[in-house]
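Undergrad: Take this structure first; my questions come after.
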Amino acid sequence: MREHLYRGMTLNGEMFIGNSLIQEGGLVWIRDESTTLEVKPETIGQYIGRKDSNGVKVFEGDKFDDIDADDEGSYFVIEYCEVKARFIAMLYG
């Protein structure tokens with residue numbers, strides 16, 4: 001079974017991860033087993049079910065450097081693609 005997790009920055013600037021996302025009237029909360037905290041809507045990302053090479057969980061909105069690019073300004077951002085109905089790494093820069 002897929003693990004459903006959400007990450008967002010709380011109003012006091014701390015990152016919070018929980019297993020439920022609540023949206024109402026433009027406000028958003030993330031809840032775990034014992035805590036519910038309001039988060040900034042623009043910082044919300046869903047866990048994509050994968051980990052990076054260091055074993056860290058990857059969330060929607062995460063950025064990764066393009067280590068194969070000649071241009072040092074290139075990077076990837078994890079985004080959800082509605083057309084393909086899956087998370088993808090979009091190249092920028």
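Undergrad: Given the conditions (1) under 25 Å from Phe64 (Cβ atoms); (2) not charged (D, E, K, R); (3) not in a strand (DSSP E or B), report the number of the one that Ser34 does not fulfil.
TA: Of (1) under 25 Å from Phe64 (Cβ atoms); (2) not charged (D, E, K, R); (3) not in a strand (DSSP E or B), only one is false for Ser34: (1).
Undergrad: Pairs, please: C-beta under 7 Å, at least 6 apart or cross-chain, first residue touching a residue at least 24 places away in the same chain (Cβ under 8 Å) and in region 77-93, second in a strand (DSSP E or B) and β-branched (Val, Ile, Thr)?
TA: Pairs found: Ile78/Ile48; Ile78/Val58; Phe87/Ile48; Phe87/Ile78; Ala89/Ile78.
Undergrad: Among the strands (runs of 3 or more DSSP E) contained in region 43-93, which hold 3 or more residues that are out of contact with any Pro (no Cβ under 9 Å at 6 or more places or on another chain) and open to solvent by less than 60 Å² (accessible area, probe 1.4 Å)?
TA: Here the list reads 45-51, 75-81, 86-92.
Undergrad: Quick check: anything in region 13-20 surrounded by fewer than 10 Cβ atoms within 10 Å (Cβ to Cβ) and either in contact with a Ser or Thr (Cβ under 7 Å, 6 or more places away or on another chain) or among the β-branched types (Val, Ile, Thr) (or both)?
TA: No; the residues of region 13-20 include none that is surrounded by fewer than 10 Cβ atoms within 10 Å (Cβ to Cβ) and either in contact with a Ser or Thr (Cβ under 7 Å, 6 or more places away or on another chain) or among the β-branched types (Val, Ile, Thr) (or both).
Undergrad: Can you find, within region 50-84, the residue that is farthest from Gln23 (Cα to Cα) among those that are of a type in the set (Gly, Ala, Ser) and at pLDDT 95 or above?
TA: Per the stated criteria, the residue is Gly55.
The values are calculated or read from the model by the stated rules, or taken from the named source; none is laboratory data. These numbers come from a predicted model, not from an experiment. Note that each Cβ is placed from the backbone with ideal geometry, even for glycine, and that neighbours are counted across all protein chains shown. Areas reflect the complete protein model, heavy atoms only, side chains present, ligands, DNA and RNA absent. Shrake-Rupley method; radii C 1.70, N 1.55, O 1.52, S 1.80 Å.
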